[in-house]
Structure formats: C-alpha cells, structure tokens
Amino acid sequence: MFKKNLTMEANEIKNSDKLKKLTSLYFRTLKPVNDQTKTNVAQISFLNYAELGYAIVDLLKLCILALEQDAHKTSETNKNGAINVSLILETIVELIPLHEFEFLSEINYLLAGDSTIKD
C-alpha cells in the first residue's frame, strides 16, 4: 500500500512537471497583467499606427454595414472606400489562440497516457 502511494505521488509529480512544460510551450496568446486585477492581455501586431487605425475603421464599417437594413444607406456609410476584408480576417486569425488549442490537445493526450512531451 505504501509503495503504491509513492508510485502515485511520483506519477502526480511527473504529470505536474509535464503540465508546467506544456503551459510554457503553448500558453502564449494571453499575457497576465502585473497588477491586482488578475486580468490578461492579448496582443495583436500591426506594422504601424496607420494600419491599426485602418483596421479599427474597417471593423467599424463592417459592423455598420452588417447592421444596416436599407441598401440605399450602404453608400453613405461606405463613402470613404471599400472595407479591407483581408485585414479584418488577418486580425481575426491573430485572435484565435492556436497555441492554447494545442495545449488542450496535449492535456487530452496526457490524460489518455499518450503525451508527446517526453520526460
């Protein structure tokens, strides 16, 4: 019985170490804020302020167009040019936490005994 408990504790420590390794490898999208709020920040990369500004404007234009019911108002809403759909889609892609999804897969494998992380 005592030997079995030691083996179980050793496995728990090993799994804990694997989880720490997996966390450092995959949890990259959210960064904790160093304050008392216990909040996280997701960073999106832009080349410069102009690209950021255009992305914000295009996101707002897309939302306005999606909410519009009358087709004749679309030209008024979009009088400054076309929406840069490519930039919007790139921004969405950056928001998807793929590393965290990989981590969740690794946790699933770990629980099934098939982790790809070696001791």
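The values are calculated or read from the model by the stated rules, or taken from the named source; none is laboratory data. What you see is a predicted model, and the numbers here were worked out from it, not measured in a lab. Every residue, glycine as well, gets a Cβ built from its backbone with ideal geometry; the counts of neighbours run over all protein chains shown.
Restricting attention to region 1-36, the residues that are under 30 Å from E94 (Cβ atoms), of a type in the set (F, W, Y) and part of a helix (DSSP H, G or I) total 1. Taking the listed residues E9, E51, the one that is surrounded by 13 or more Cβ atoms within 10 Å (Cβ to Cβ) and among the acidic types (D, E) is E51, with no other qualifying.
When region 43-62 is examined, which residues are found to be assigned to a helix (DSSP H, G or I) and among the β-branched types (V, I, T)? Matches in region 43-62: I56, V57.
Restricting attention to region 72-88, the residues that are assigned to a helix (DSSP H, G or I), modelled with pLDDT of 65 or more and loosely packed, with under 10 Cβ neighbours inside 10 Å total 1. Starting from region 15-40, keep only residues that are in contact (Cβ under 8 Å) with a residue 12 or more places away in the chain and closer than 20 Å to L110 by Cα, then list their pairs with residues that are surrounded by 10 or more Cβ atoms within 10 Å (Cβ to Cβ) and aromatic (F, W, Y) whose Cβ atoms are within a distance under 9 Å, requiring at least 6 positions of separation or different chains. Here the result reads L22/F103; T23/F103; L25/F103; Y26/F101; Y26/F103; F27/F103, each pair linking region 15-40 to a residue that is surrounded by 10 or more Cβ atoms within 10 Å (Cβ to Cβ) and aromatic (F, W, Y). In the condition set (1) modelled with pLDDT of 85 or more; (2) in a loop (DSSP other than H, G, I, E, B), Q69 is compliant with all but (1). Considering (1) in a loop (DSSP other than H, G, I, E, B); (2) modelled with pLDDT under 80, the lone condition that N108 does not fulfil carries the number (1).
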